[in-house]
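The values are calculated or read from the model by the stated rules, or taken from the named source; none is laboratory data. Values in this document were obtained by computation on a predicted structure and should not be read as measured data. Using ideal geometry, Cβ is built from the backbone for each residue, glycine included, and neighbour counts are taken over all protein chains shown. SASA here: full protein model, heavy atoms, side chains in, ligands and nucleic acids out. Shrake-Rupley method; radii C 1.70, N 1.55, O 1.52, S 1.80 Å.
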Amino acid sequence: MLNHDEAHYLAQVTHYAQTTVAPLAAKWSLGETPTEAFYVTAAAMGLHALELPVHAGGLGHGFALKAAVCETLAAADFGIAMSLINTHNVAKHLAHSDNAEVRQTYLPRLLIQAKTACTALTEPGAGSDFAAIQTRAFRCDGGWRLNGEKAWIINARHASLAIVYAQCAEPGNRDGIAAFLVDLEDAACERSTSATAVNQTSIATGGFTLRDYFAPDAHCLMPAGQAFRAILSELNGARIYVAAMCVGMLDSAVAHVHAYGQRRQTFGGNLLSHQAWRLELAKATTDLAAARSLVHQATQQMDAGEDAQLLAAQAKVFTVQTCRHHLPKLLHAMGAEGLAPTHPVARHVAGAQMAGLTDGSDEMLLERIAHLSRSRDA
Ligand SMILES: Cc1cc2nc3c(=O)[nH]c(=O)nc-3n(C[C@H](O)[C@H](O)[C@H](O)COP(=O)(O)OP(=O)(O)OC[C@H]3O[C@@H](n4cnc5c(N)ncnc54)[C@H](O)[C@@H]3O)c2cc1C
């Protein structure tokens, strides 16, 4: 599926993930935050630019490489994989903007200055029920005034730019929702942190409040009537790459626990020599193969430009549930040592929990699957 250049690029990213990201992830799980230098290196490697057209400063790769990069980064740290890909997704929007000012002024911030960006739908009062968002956009001279609060947004702790979804009509009207480019360095924006009980500084979830933020007309990236439908279609890709991240986390856990089982001695032999211990590893390996195959099928459909709604939803639900089932058991298989921050499995347990909420929770996706399967049978 990957051409020669893409396979070469993926090998470089895999090396970077294993030698640079994985050791840093242990520190991030203890509360340290990724440095600016980290993002400079990541941007220089093209991780903010994978799918962007070459004429816009991108690498011009396809979706299959994006999914593979997500898998390999999440094997090291789910949080940083989500962080980098969210900046990438905003850069892709900017690169495809019809407006030259948007492309020339804001895209270099992400590609050259290595700043980060986020996509903000969720609010304190509206998550799954996206049409219920309360952030409002009112027409004013030359543009729009935005007011409202966003929460649980990846990268919001440090992002320079955001794509903000806001209601231009009455609350609850899907066709009234539009998407605006927002400069989070503007004084009309005040940040907040969405803290979690587990340290996931690399995903940098946070929120912000907009008070009379002025967005000129050119910064309306998707007008009312288009934005709601566009986000639903974008979510298909997001579901597949999050599924690929789950495969990456489970693969990493299986490899890690297998290696630990070879080293750790109990009752006169290593852990792997005890049948009762290695059965869990065998079950996880089997489900990992099934999960990988589903992600592969969905990725192929996406890359071919086909309608990937059903497979995308199925791949995400299956991989998240597979991770939720096996990762705690794999963590248990390492005994107390598994909880040490130098090991990735506890981080992956938290990562899988987060993956189950982003880009469509299990329940929303199962509803979607039921609906799509019914319409297919009809
Ligand atoms: C780590 C992380 C990163 C995130 N990043 C972003 C981001 O970058 N941008 C962004 O906009 N948002 C982001 N989110 C928010 C995410 O999209 C929401 O958490 C998600 O949409 C669910 O919304 P909620 O948390 O408000 O849960 P709610 O909508 O309150 O739902 C609570 C629970 O009930 C279930 N539920 C809700 N309605 C029904 C129903 N009708 N039937 C059955 N079950 C139901 C849900 O599945 C969920 O399990 C992130 C969240 C997390 C945890």
Hey, ALA308 aliphatic (A, V, I, L, M), assigned by TED's automatic domain parsing to the domain that holds GLU367 and open to solvent by 30 Å² or more (accessible area, probe 1.4 Å) or not:
no
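Among the candidates CYS189, CYS220, which residue alone is under 24 Å from THR105 (Cα atoms), under 24 Å from the mean Cα position of the chain (by Cα), surrounded by fewer than 20 Cβ atoms within 10 Å (Cβ to Cβ) and more than 15 Å from the ligand (Cβ to nearest atom)?
Numbers: CYS220 fails: surrounded by fewer than 20 Cβ atoms within 10 Å (Cβ to Cβ).
It is CYS189.
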Out of all the residues in the stretch 118-131, is one or more closer than 27 Å to ASN173 by Cα, touching a Gly at 6+ places or on another chain (Cβ under 9 Å) and assigned to a helix (DSSP H, G or I)?
yes
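Does GLY125 satisfy being assigned by TED's automatic domain parsing to the domain that holds ASP212, touching a helix residue (DSSP H, G or I) at 6+ places or on another chain (Cβ under 6 Å) and either open to solvent by less than 30 Å² (accessible area, probe 1.4 Å) or not acidic (Asp, Glu) (or both)?
Numbers: assigned by TED's automatic domain parsing to the domain that holds ASP212: yes; touching a helix residue (DSSP H, G or I) at 6+ places or on another chain (Cβ under 6 Å): no; either open to solvent by less than 30 Å² (accessible area, probe 1.4 Å) or not acidic (Asp, Glu) (or both): yes.
The answer is no for GLY125.
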Filter result (within 14 Å of the ligand (Cβ to nearest atom) and either in a loop (DSSP other than H, G, I, E, B) or open to solvent by 20 Å² or more (accessible area, probe 1.4 Å) (or both)) within the stretch 150-174
TRP152, ILE154, ASN155, ALA156, ARG157, HIS158, ALA159
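What helices (runs of 4 or more DSSP H), lying completely within the stretch 267-378, carry at least 2 residues that are within 16 Å of the ligand (Cβ to nearest atom)? Lay out the reasoning, then the answer.
Details: elements: 275-303, 309-333, 345-355, 362-377.
Hits in the stretch 267-378: 309-333, 345-355, 362-377.
Limited to the stretch 192-217, what total is found for residues that are of a type in the set (Lys, Arg) and either within 21 Å of the chain's Cα centre (by Cα) or within 14 Å of the ligand (Cβ to nearest atom) (or both)? Can you show your working first?
In the first step, residues of the stretch 192-217 are kept if they are of a type in the set (Lys, Arg); the result is 211.
Within this subset, residues satisfying the condition of being either within 21 Å of the chain's Cα centre (by Cα) or within 14 Å of the ligand (Cβ to nearest atom) (or both) are none.
Total satisfying the criteria: 0.
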I'm told ALA25 meets every condition in (1) within 22 Å of HIS93 (Cα to Cα); (2) touching a residue at least 60 places away in the same chain (Cβ under 8 Å); (3) part of a helix (DSSP H, G or I) except one. Can you identify the failing condition by its number?
(1)
Out of ALA243, ALA255, report the one residue that is assigned by TED's automatic domain parsing to the domain that holds ASP362, surrounded by 12 or more Cβ atoms within 10 Å (Cβ to Cβ), within 14 Å of HIS348 (Cβ to Cβ) and modelled with pLDDT of 95 or more.
ALA255
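Anything in the stretch 344-378 that is open to solvent by less than 20 Å² (accessible area, probe 1.4 Å) and not aliphatic (A, V, I, L, M)? List them, or say none.
Pass one, the stretch 344-378, residues open to solvent by less than 20 Å² (accessible area, probe 1.4 Å): 344-345, 348, 350-352, 355-356, 360-362, 365.
Correct list: PRO344, HIS348, GLY351, GLY356, GLY360, SER361, ASP362.
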Considering every residue within the stretch 103-111, establish whether at least one is touching a residue at least 60 places away in the same chain (Cβ under 8 Å) and in a loop (DSSP other than H, G, I, E, B).
no
Just the residues that are away from the ligand (no atom under 16 Å from the Cβ) and open to solvent by less than 40 Å² (accessible area, probe 1.4 Å), please, taken from the stretch 109-122.
ARG109, LEU111, ALA114
